[in-house]
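The values are calculated or read from the model by the stated rules, or taken from the named source; none is laboratory data. Note that the structure is a prediction, hence the values are computed from the model and not measured. Note that we place each Cβ from the backbone using ideal geometry, even for glycine, and neighbour counts take in every protein chain shown. Heads up: the accessible areas ignore ligands, DNA and RNA and are worked out on the full protein's heavy atoms, side chains in. Shrake-Rupley method; radii C 1.70, N 1.55, O 1.52, S 1.80 Å.
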2 protein chains.
Amino acid sequence: MSNRQNCDSGSLSALELFERVTIQGDKVRSLKAAEAPKDEIDTAVRLLLSLKLMYKATTGQDYKAGSPPTDFTPVNNAPALAEDDDFVDPWTVQTSSAKGVDYDKLIVRFGSSKVDKELISRIERVTGQKPHHFLRRGIFFSHRDMNQILDAYENKKPFYLYTGRGPSSEAMHVGHLIPFIFTKWLQEVFDIPLVIQLTDDEKYLWKDLTVKRANEYAIENAKDIIACGFNINKTFIFSDLDYLGMSPGFYKNIVKIQKHVTFNQVKGIFGFTDSDCIGKISFPAIQAAPSFSSTFPQIFKGKEDIQCLIPCAIDQDPYFRMTRDVAPRLGYPKPALLHSIFFPALQGAQTKMSASDPNSSIFLTDTPKQIKTKINKHAFSGGKDTIEEHRKYGGNCDVDVSYMYLTFFLEDDDKLEQLKQDYTSGALLTGELKKALIETLQPLIAAHQERRKQVTNEMQGISTQPVKQDQTNISNVIFNLWQKQ
Amino acid sequence: MSNRQNCDSGSLSALELFERVTIQGDKVRSLKAAEAPKDEIDTAVRLLLSLKLMYKATTGQDYKAGSPPTDFTPVNNAPALAEDDDFVDPWTVQTSSAKGVDYDKLIVRFGSSKVDKELISRIERVTGQKPHHFLRRGIFFSHRDMNQILDAYENKKPFYLYTGRGPSSEAMHVGHLIPFIFTKWLQEVFDIPLVIQLTDDEKYLWKDLTVKRANEYAIENAKDIIACGFNINKTFIFSDLDYLGMSPGFYKNIVKIQKHVTFNQVKGIFGFTDSDCIGKISFPAIQAAPSFSSTFPQIFKGKEDIQCLIPCAIDQDPYFRMTRDVAPRLGYPKPALLHSIFFPALQGAQTKMSASDPNSSIFLTDTPKQIKTKINKHAFSGGKDTIEEHRKYGGNCDVDVSYMYLTFFLEDDDKLEQLKQDYTSGALLTGELKKALIETLQPLIAAHQERRKQVTNEMQGISTQPVKQDQTNISNVIFNLWQKQ
């Protein structure tokens, strides 16, 4: 948190400043409400005032709550990048460190907030549930407005979940499951509706794919997503290519967003150029629209003020920074976010995972034997070169991909801690650590494959009626998507 | 035609050259087929060869029929504009001449073809109908590929009509009827399906309107359009804001078009800038999509190869130049076009007609008395200042707005010619010419108002079921639109 406050304000855009003033204002109010020590409040107020001054110096206007700068320059990756900085946008994640991206720096750059102990404790207190290990282990490490969501939950105000996937191929790997595993937990804990967007239109626009193929990938991916086991009565999975042409509410929100975002803005946020096709340029509105409840009149009965919580990998944040800027101008609540770190490739956190390289990760279709071979052969090791050296100096968990994967998939905290200690001390060899991962992933993938098979069977013979505006049981829509095959 | 061939090729873009080579190739083929005199064929062939050379010099590639240059620079209004040139794009029509825009120059600049006597005769020959007075009098003065449409008609190949309107206000004036009057004639003559797009999304994006208001304007305008009396079993009127969210076929075509058009291209064609919202930037694809039959699976049963004929005012041509460039890359036929001249404001052809100025034209809601007063008071006269001078020197029909309006609405050729002669000679005074116009428009508007009332009555109590993909009687969709009020 201190990092964020000390960072060089000279490079901040009007919008970033606006958001910081807003956050700091909230902080001052909550400190006062909590009757915090006077000096703590005073420090916070001084920072608030200096942020307001900076805001005025940058925009020429006084800060006004709820009215973001109209002609803002949005957070831009490029100019702020120093040579040793990571690069993160929805299409590129780049780092030179084997430990992976520096997430603390990313929080500063994106202007989000850290998921700290306080927030995790509050989640536990409010929900009465043990926080998911993704929270406890810093896998969902950053957020925006998560406290608002907890306020809503405490006050029994409705909210909903929104996540998604870009179906760029039939094959999904274990890393793709992260947002869905966590979203399923959130849905269970809060017992709320969930919408899942499959951006097959995006994949058509960005990749060398036909519309038909992109849509087929969406359907294949939907099967894997359904297999995650969401509450079938509160989950709506849709492909853009299908649902946009079935929902006037969706298109109306898209046009509204598109009216309030300029090319300058998407250029700044996403790095688009004049040579990009107009489909890419206008696409961000399509990923933004499900953040607003009026996009789903069949679920929310036309209510426009239901706040949305978006669990996603941090590279998707640019879409939702844009969405949060537009929301108040449309009279909609800003979506809250929970950001995850990236899932590393088997070859190491600084290499790119690729669906076209079967050895870059464990796929949901892999056999137990393939899982074993891939991990033994390709998982980057933080161990030493010889057994003797390893016993003497120990392995390095910070760069060991098997250990990283275990933090994602091994739920038992004690066992994980034991593995870390033993590996670091040298008591545990690389082969043994890999074995622990293999034994964790094999049953997990096998169970997923079993559920996916059941999905197929369950779906057969279900209604093929098109979605109706007044349809209350939204689960049918999953079946619709399925049946379109 | 000679004008077009002599114009400076140095300023032509690759796409323009491509189109000229194509047109000239067609010309050579038709001359040969018609066994034209050898020297005429030779001249045409020489021009074809030199156009091909220019094309190669510009693009670095050999001309290949059906494969337009991939990275083309589209027709751009701005650089070609000399000081005395008119400016025409979908939002601005500007001329300094009281006679109005120089349409021959526009044909050259846009690279379209003149509706000449030969084409008009062919229309008469092929359809067995007397050509509409809009054709005989040069009101629909320009076209693209109209001969292809006549070939299709002769060969009993299906094609369809597409026109539209941007519903910027409730009020429509007589000028707005021009494309619809002509489209109705084309539908009667060819007996083919017609789709009418109401771009309420465009008006929302460009004007200070809410989505709701823009959609209401579309519904009001639809009533006036229905009152024109189209074949109710072959006409589909839709608002974008409604239909886009009801038709996956429409959205799929929009995304396909958006993938094949860059920001550079829409910047060149429409003059968009970086400060324009992304909705404007991507909108041209929405106006383009109805040019392809697969946008309407409920009408064309999924057929993708049915050619479209678009009657529209020439200012809409930029949309369809773009569409025609994209079509072959999507495997769709290029739409053919018939372009009309602009309808002058009462105050003169060089002033802008405005729906917000009730005196700038005759509105479809005007009473007989209002029509009379407006024409007598505001219609710019080409007559002389005094009766004596007028009798001596005569009036000038080229700038007289009452005479211009009569060319649009007085169907009797002999009577129109008599009025022209008498006014030019001075035998007919301005007041008498105005009287002729008043007597033409009063019954025409009254009849329209009567039909509009009947529309209302007819529509009441009709089905409110949403459009189904397999609906064969497309007329219901008009009712749907209507019933949504």
Amide H contacts under 5 Å for A:S239, placed H, 5+ residues apart: A:L198
Residue-wise, which Karplus ³J(HN,Hα) couplings in Hz belong to the stretch B:256-264, taking 6.51 cos²θ - 1.76 cosθ + 1.60, θ = phi - 60°, and x for glycine or proline? 4, 5, 4, 6, 9, 10, 9, 4, 3
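Using only the Cα atoms of the stretch B:198-249, construct the convex hull and provide its projected area averaged over every direction, in square nanometres to one decimal.
Numbers: hull surface 16.4 nm².
Projected area, direction-averaged: 4.1 nm².
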Computed E for B:N155/B:R329 - FRET, C-beta separation, R0 22 angstrom, nearest 0.05: 0.30
Mind checking the full-extension length gain between B:I120 and B:S97? Use 0.36 nm per residue of separation minus the Cα-Cα distance, one decimal, nm. 5.5 nm
Ranked highest first by average number of other Cβ atoms within 10 Å, how do A:280-289, A:404-413, A:240-249, A:369-378 line up? A:280-289, A:240-249, A:404-413, A:369-378
For the stretch B:299-313, just list the computed ³J(HN,Hα) in residue order, Karplus coefficients 6.51, -1.76 and 1.60, θ = phi - 60°, integers in Hz, with x standing in for Gly and Pro. 9, 9, 6, x, 5, 9, 10, 8, 6, 10, 10, 10, x, 7, 5
Once both labels are modelled 7 Å past Cα along the beta-carbon direction, what's the B:E304-A:D398 spacing in nm? 5.4
Cross-link partners among aspartates and glutamates for B:K415, C-alpha distance below 14 Å, same-chain residues fewer than 8 apart left out? B:E432, B:E439
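Of the accessible area of the stretch B:353-399, with the probe set at 1.4 angstrom, what percent is carbon plus sulfur? Don't skip to the end; give the middle numbers.
Numbers: 1420 of 2720 Å².
Accessible surface attributable to carbon and sulfur in the stretch B:353-399 totals 52 percent.
Filter the chymotrypsin sites (Phe, Trp or Tyr not before Pro) in the stretch A:250-340 to those in DSSP coil with at most 12 other Cβ atoms within 10 Å of their Cβ, and list the result.
Working: sites: A:F250, A:Y251, A:F263, A:F270, A:F272, A:F292, A:F300, A:Y319, A:F320; in loops: A:F272, A:F292.
Passing both the DSSP loop test and the Cβ count: no residue.
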Residues with amide H under 5 Å of A:V195's amide H, sequence separation 5 or more or different chain, H placed in the peptide plane at 1.01 Å from N; which? A:L161, A:Y162, A:T163, A:F236
Compute the length gained on full extension between A:D412 and A:E170: take 0.36 nm times their separation in residues and subtract their Cα-Cα distance, giving the result in nm to one decimal. 84.0 nm
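Per the Kirkwood definition applied to all pairs of different Cα atoms, how many angstroms is the hydrodynamic radius of the stretch B:87-171? It would help to have the intermediate numbers written out before the result.
Values: mean 1/r = 0.0655 Å⁻¹.
Radius from the Kirkwood sum: 15.3 Å.
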Label A:S30 and A:V45 with points 7 Å out from Cα along Cα→Cβ: what is the distance between them in nm? 2.0
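Less than 11 Å Cβ to Cβ from A:V189, Lys/Arg counted +1 and Asp/Glu -1: what total charge do the surrounding residues give? Let's see the in-between values first.
Working: positive: A:K130, A:K184; negative: A:E124, A:E188, A:D191.
Net of charged neighbours comes to -1.
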Along the stretch A:360-374, what does the Karplus equation 6.51 cos²θ - 1.76 cosθ + 1.60 (θ = phi - 60°) give for ³J(HN,Hα), rounded to whole Hz, x for Gly and Pro? 7, 7, 8, 8, 5, 9, 5, 7, x, 5, 4, 4, 4, 4, 4
The stretch B:319-463: C-alpha gyration tensor shape, a/c 1.5 cut-off, then a/b vs b/c: oblate
Pairs of alpha carbons in the stretch A:170-324 whose separation is greater than 28 Å (percent): 18
List, shortest first and in nm to one decimal, how far the label point of B:D385 (7 Å from Cα along Cα→Cβ) is from its counterparts in the other copies. 10.5
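Which pairs break 21 Å Cα to Cα here: A:K280/B:K303; B:K207/B:K256; A:K130/A:K453; A:K114/A:K267; B:K256/B:K301; B:K105/B:K420? It would help to have the intermediate numbers written out before the result.
Values: A:K280/B:K303 28 Å; B:K207/B:K256 27 Å; A:K130/A:K453 31 Å; A:K114/A:K267 27 Å; B:K256/B:K301 19 Å; B:K105/B:K420 25 Å.
Violating the 21 Å Cα-Cα cut-off are A:K280/B:K303; B:K207/B:K256; A:K130/A:K453; A:K114/A:K267; B:K105/B:K420.
Run the numbers for A:T367 and A:R451: contour at 0.36 nm per residue of separation, minus the present Cα-Cα distance, in nm.
Value of the extension gain: 28.7 nm.
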Say each of A:D104 and A:R136 gets a label point 7 Å from the Cα, pointing the same way as Cα to Cβ; how far apart are those two points in nm? 2.4
